[in-house]
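Heads up, the thing below is written out as structure tokens.
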Amino acid sequence: MSDLEKIKQLRQSTGAGFKDCSGALNESNGNLDKAVEILRVKGIAKASKKMSRQAREGVIALSGNENKTSILEVNCETDFVAKNNDFISFVKEISEINNSVDSDIDELKKKNMKNNKTVDENLLSMIAKIGEKITLGRSKTLKNNNAKNFFYLHTVVKDNLSKLAVIVSLKTKEKFEKFEKFDLFGKQLTMHIAASNPIAINSSEIKKEIIDKEQKLISEELKNFGKPEEIVNKITLGKINKFKEENSLMTQNWVIEPKKKVKDIIEELKIKDLQIVEFYRLKIGE
């Protein structure tokens, strides 16, 4: 049997990757049974087999400060594991590393942790130890010149870990320290975003594919009710405008005072050139 055939057979029987299988075969001098044992001892075979499962639980980790803030999603299969102390310690440590690499997941996986093993190596060990699929999900870092970041954690699991997290970056030409109302608005805005889940800051920033998909769904629904084409187009236009208004942060009803829009609250604050630079909302498994 050729080396390639052995690697193929080993991958099929263990679920491990090409590189790991090749390394195990080299270490075992081509002995397949021994190579399987090597992979199992390392936890690679066990971990790899679990990677085909669904992992929709987990936590959102937040790290950084008001100048640079990062969010990282780490998924597992059950909420029980999401509260496991080993899992929590692992996520807390890699969340700090994630902030240092500006949420570059590929770079994060290569970084060494306190035990001098890479994040990727520790991830495999964690999977083998806990017995569930664990994956690194979505991530985002907000760092904008002359802006201040605010954050909000909802359903906190422990410390900086939660089920939902929001970061928003605000900018003004005034000095930040002058404005208590600036800080209050920043904190309230993160809670508003958590509750209202806007797609974009302004309607013009909503992606075309999102609008097109919504428009198609509305049109098909109306046609199913037997509406004439002319009426369908007219109603669809109105519903799309409503969709944009309800999903754009600036035109959403302010959660604290629903009769006003977010843009109205900003005008009332009378803070010079107050600008929402960007925001990011992340909910586990969403």
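The values are calculated or read from the model by the stated rules, or taken from the named source; none is laboratory data. These numbers were taken from a predicted model, which means no experiment stands behind them. Methodologically, a virtual Cβ is constructed for each residue, glycine included, from the backbone with ideal geometry; neighbour enumeration extends over all protein chains shown.
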For region 252-264, how many residues are of a type outside the set (D, E, K, R) and crowded, with 17+ Cβ neighbours inside 10 Å? 3
Of all residues in region 220-271 being in contact with a Ser or Thr (Cβ under 6 Å, 6 or more places away or on another chain) and of a type in the set (D, E, K, R), the one that is farthest from residue 210 (Cα to Cα): 261
The lone condition residue 183 fails out of (1) more than 23 Å from the chain's Cα centre (by Cα); (2) modelled with pLDDT of 95 or more; (3) not basic (Lys, Arg) is (2)
Single unsatisfied condition, residue 83 versus (1) surrounded by fewer than 17 Cβ atoms within 10 Å (Cβ to Cβ); (2) over 14 Å from residue 159 (Cβ atoms): (2)
Return the residues of region 192-244 that are under 28 Å from residue 256 (Cα atoms), in a loop (DSSP other than H, G, I, E, B) and not basic (Lys, Arg); say none if nothing qualifies. 197, 198, 199, 201, 202, 206
Does residue 7 meet the test of being at pLDDT below 85 and in contact with an Asp or Glu (Cβ under 7 Å, 6 or more places away or on another chain)? no
Out of 149, 98, 160, report the one residue that is surrounded by 18 or more Cβ atoms within 10 Å (Cβ to Cβ), under 30 Å from residue 271 (Cα atoms) and at pLDDT 95 or above. 149
Tell me which residues, restricted to region 198-228, are exposed (fewer than 15 other Cβ atoms within 10 Å of the Cβ) and in contact with a helix residue (DSSP H, G or I) (Cβ under 8 Å, 6 or more places away or on another chain). 202, 223
Picked from region 258-286 (must be basic (Lys, Arg) and either closer than 22 Å to residue 164 by Cβ or assigned by TED's automatic domain parsing to the domain that holds residue 76 (or both)), the residue modelled with the lowest pLDDT is 283
For the structure I just gave you, tell me whether residue 66 is of a type in the set (D, E, K, R), under 28 Å from residue 148 (Cα atoms), out of contact with any Cys (no Cβ under 6 Å at 6 or more places or on another chain) and in contact (Cβ under 8 Å) with a residue 40 or more places away in the chain. yes
